[in-house]
């Protein structure tokens, strides 16, 4: 890298995105993946009038496909082309209009501002230096009055589930600070056990927030 460089270049983002996409392509080819949407997303979104939704880091599309089935016009973004292939196949099998899919590195992708009524970020754990910009871009993508859904592994899950790097895990304070310009309607630590009866609980943190009609 040029020693006078002050940050990642477009080529850096492209290289990183290719590496991430390749890694997740291999994972999706080797494993079966859940198709059930997040229970909390279903609870929070079901009362809303469907509009335009953005699912960032959608993977194989468990939330994207559910949103499409509820009448949302969904755009799913992920670095894995294999994951997005799974998404489109499931949508076709269910007779749904195929969601828009975009292959992109989440650290470089930015949706058009004030375009979406709902933005979903489910279990995306970037490093803090990447996370701040990613969260800011997600907030900008919301229309005034639009809703943001974030769920991820809590710091208390360290060693139990989620990334082994504590810096990538969430706390209530991290999410509240990242989205301070939004009206937070729900922010809480969730603890539950998986259906497989495992001894270790899943510990998550959930944020549900609305973009003010007149931004501050």
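Seen from a random direction on average, the alpha-carbon convex hull of the range 74-216 projects onto 9.7 square nanometres.
Could you please rank 36, 147, 183, placing first whichever residue has the fewest other Cβ atoms within 10 Å of its Cβ?
Values: 36 10, 147 23, 183 13.
Lowest to highest Cβ neighbour count: 36, 183, 147.
For 189, 62, what's the fewest-to-most ordering of other Cβ within 10 Å of each Cβ? All intermediate terms of the calculation are to be shown ahead of the outcome.
On the way: 189 15, 62 20.
By the 10 Å Cβ count, ascending, the order reads 189, 62.
Computed log10 I(q)/I(0) for the range 61-137 at 0.11, 0.18, 0.21 Å⁻¹: -0.29, -0.76, -1.00, from the Debye equation with unit scatterers placed on every C-alpha and solvent omitted.
No value in this document is a laboratory result; all are computed from the given coordinates. Quick caveat: nothing in here was measured; it's all calculated off a predicted structure. Reconstructed Cβ throughout: ideal geometry from the backbone, glycine too, with neighbour counts over all protein chains shown.
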